[in-house]
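Since the structure comes first, as structure tokens, the remarks are kept for the end.
The values are calculated or read from the model by the stated rules, or taken from the named source; none is laboratory data. A quick note: this is a predicted structure, and the numbers were derived from the prediction, not measured. Every residue, glycine among them, receives a Cβ derived from its backbone with ideal geometry; neighbour counts consider all protein chains shown.
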Amino acid sequence: MLKHGSGRAVLFLQERPDTVIYRSVIWGACSENWSFDSQLEDERSPYLYDVIRATRDTPYYVGRIKEVLDTLGSSREPENLFPTQLIRLAALLTRRGAGDLREPMYRTVGTVAEETYGIAHIAENIIALDGVTGYWHLVEHVRHHSRRDDDRWREVSLIDELAEQFGESVATAALRASAQNNSERSQYLREIQTIRKRQKFRARLKRRKSEKKPPPLAEVRAYIYSSPEKKIPKPQMKYMNEAVRRRLWSDFKQESDCMRQLRYLGILRTYRYVPFPGDPEVIIPLIRQTDDERLAWQAVRLLVDTNHTTIRAAALDLMKEEKRVPHAIELLASNPGDGDVRLLESVIQREWDDRAFEFIGMGIRQYIRNSPSPGFVPILLLCYEKLACSFCRGQIVEMLLQRDALPNTIREECHFDADSDTRALFRPAPR
């Protein structure tokens with residue numbers, strides 16, 4: 001429950017007369033990174049705050065956080081520690097009045113400043129806590145890094161965060177007021193605001209240049225045939241010329257190199273929700289091969305929106321091989337047929353590791369979106385129980401709500417889920 005960020009853990013702790021026996025596991029969740037997929041899932045400090053409150057043992061955790069913050073960057077720092085999460089949690093506990101951890105928190109901000117996204121990961125929480133004062137604390141830790149304009153995105157991102165939370169005009173006025181009697185701050189603000197405006201202008205210019213400009217065949221081929229060391233950027237294919245697409249498809253059918261096949265598939269898979277115009281039988285063998293999972297998944301993505309008897313037959317055949325079940329379900333999403341409900345139920349009821357079930361869950365959600373039916377409610381409930389990813393679990397909750405089929409027990413859990421969108425469905429997000 002706790003590892004997966006489920007609100008059930010909070011309800012469980014609320015019902016226990018004594019939560020001291022759970023201190024070790026709760027501290028592990030607070031101090032280590034237990035997220036299943038950090039690219040999809042929200043940071044967990046709001047969830048962990050609810051967990052700590054449910055223990056009715058908040059002073060213990062505030063004390064532990066203070067002790068560990070004081071070790072950051074030293075030889076006493078515990079192994080497997082997740083410093084950014086601990087700093088975010090310290091800021092939130094302080095903001096909510098559960099304890100004052102400002103001093104140890106600000107003392108340790110510098111330990112994450114050298115990480116590529118360290119400051120960016122804690123900026124939201126610290127600025128929410130102390131506004132412009134928090135902003136200047138963060139600036140002091142990042143401004144001594146590279147001074148090249150194109151490397152100063154961390155500093156620009158801090159002003160962006162301040163503007164996001166308080167509005168552009170309020171943030172600008174507050175920054176000016178904070179620098180009014182400080183010439184060094186005033187000069188710094190003028191400098192970084194100039195860089196920020198320049199970056200925004202470049203971004204707009206880049207977008208305009210790329211709008212409706214189809215890349216020539218020579219540019220696409222240069223990307224496909226380049227060596228990995230050259231790192232040639234992928235051409236913008238949104239407005240690909242149809243003649244270029246046909247030529248690339250013809251070239252792809254003759255290609256046998258795995259890396260180039262991957263690049264061809266990435267180029268040809270330009271439009272989501274558009275059926276693949278070529279022959280699926282050329283692509284299906286790439287899914288069956290077992291040497292390169294990236295190639296198998298790129299091939300699936302190319303066919304995922306295509307309805308074709310050959311694809312359904314291939315998907316049913318792939319279901320016989322455990323390793324290819326996630327790929328098969330993705331293909332069935334646009335190729336439904338009789339007996340699929342029972343087939344999907346049997347898949348869910350088998351034992352899967354969390355990663356494999358993550359992909360299975362994606363395919364099932366897409367299948368249900370394409371083929372809505374009341375018969376899928378039991379499948380959605382099973383997915384809710386088995387998914388390790390809080391973001392994906394939140395999508396299941398939304399699908400159950402759309403069908404007016406969300407049980408009250410799950411509704412109560414959602415108030416405390418690690419996914420912010422799921423929580424927001426049932427309670428306003430506190431500021």
(Q) Among the residues of the stretch 392-431, what is the count of those that are within 24 Å of TRP34 (Cα to Cα) and among the basic types (Lys, Arg)? (A) 3
Q: Tell me which residues, restricted to the stretch 238-263, are more than 32 Å from the chain's Cα centre (by Cα), of a type in the set (Lys, Arg) and modelled with pLDDT of 90 or more.
A: ARG247, LYS253
Q | Subset tally (residues that are at pLDDT 95 or above and charged (D, E, K, R)) for the stretch 89-101 | A | 2
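Any residue in the stretch 288-303 that is under 24 Å from TYR384 (Cβ atoms), surrounded by 15 or more Cβ atoms within 10 Å (Cβ to Cβ) and not aromatic (Phe, Trp, Tyr)? Walk me through it before giving the result.
Narrowing the stretch 288-303 to residues under 24 Å from TYR384 (Cβ atoms): none.
No, the stretch 288-303 has no match at all.
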Q.
On the basis of being in contact (Cβ under 8 Å) with a residue 60 or more places away in the chain, outside any loop (DSSP other than H, G, I, E, B), closer than 30 Å to GLY131 by Cα and under 23 Å from the mean Cα position of the chain (by Cα), does ARG393 make the cut?
A. no
Q: Could you tell me which numbered condition SER38 fails, if it satisfies all but one of (1) within 18 Å of SER390 (Cα to Cα); (2) assigned to a helix (DSSP H, G or I)?
A: (2)
Q.
If I filter the stretch 9-42 down to residues being among the polar types (S, T, N, Q) and over 27 Å from the mean Cα position of the chain (by Cα), which single residue comes out as nearest to GLU413 (Cα to Cα)?
A. GLN14
**Q.** All helices (runs of 4 or more DSSP H) inside the stretch 276-348 with 2 or more residues being assigned by TED's automatic domain parsing to the domain that holds ALA388, among the polar types (S, T, N, Q) and free of Cβ contacts under 8 Å to residues at least 24 places away in the same chain
**A.** none
(Q) Can you go through LEU302, LEU380 and tell me which one is in contact with a Leu (Cβ under 6 Å, 6 or more places away or on another chain) and either at pLDDT below 95 or polar (S, T, N, Q) (or both)? (A) LEU302
Q | Yes/no for ARG342 being of a type in the set (Lys, Arg), under 19 Å from SER373 (Cβ atoms) and either modelled with pLDDT under 95 or surrounded by 20 or more Cβ atoms within 10 Å (Cβ to Cβ) (or both) | A | yes
Q. Out of SER186, SER227, SER169, which single residue is of a type outside the set (D, E, K, R), at pLDDT 85 or above and not in a helix (DSSP H, G or I)?
A. SER227
Q. Based on what the data block shows, is TYR22 of a type outside the set (Gly, Ala, Ser), assigned to a helix (DSSP H, G or I) and in contact (Cβ under 8 Å) with a residue 60 or more places away in the chain?
A. no
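Looking only at the stretch 249-265, decide whether some residue is part of a helix (DSSP H, G or I), farther than 22 Å from TRP297 by Cβ and not assigned by TED's automatic domain parsing to the domain that holds VAL156.
Yes: one or more hits.
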**Q.** Residue ID - surrounded by the fewest Cβ atoms within 10 Å (Cβ to Cβ), chosen from residues in the stretch 12-42 that are over 17 Å from TYR60 (Cβ atoms) and in contact with a helix residue (DSSP H, G or I) (Cβ under 6 Å, 6 or more places away or on another chain)
**A.** LEU40
Q: Could you grab me the full set of residues in the stretch 55-84 that are more than 27 Å from the chain's Cα centre (by Cα) and part of a loop (DSSP other than H, G, I, E, B)?
A: ARG56, ASP57, ASP70, THR71, GLY73, SER74, SER75, ARG76, GLU77
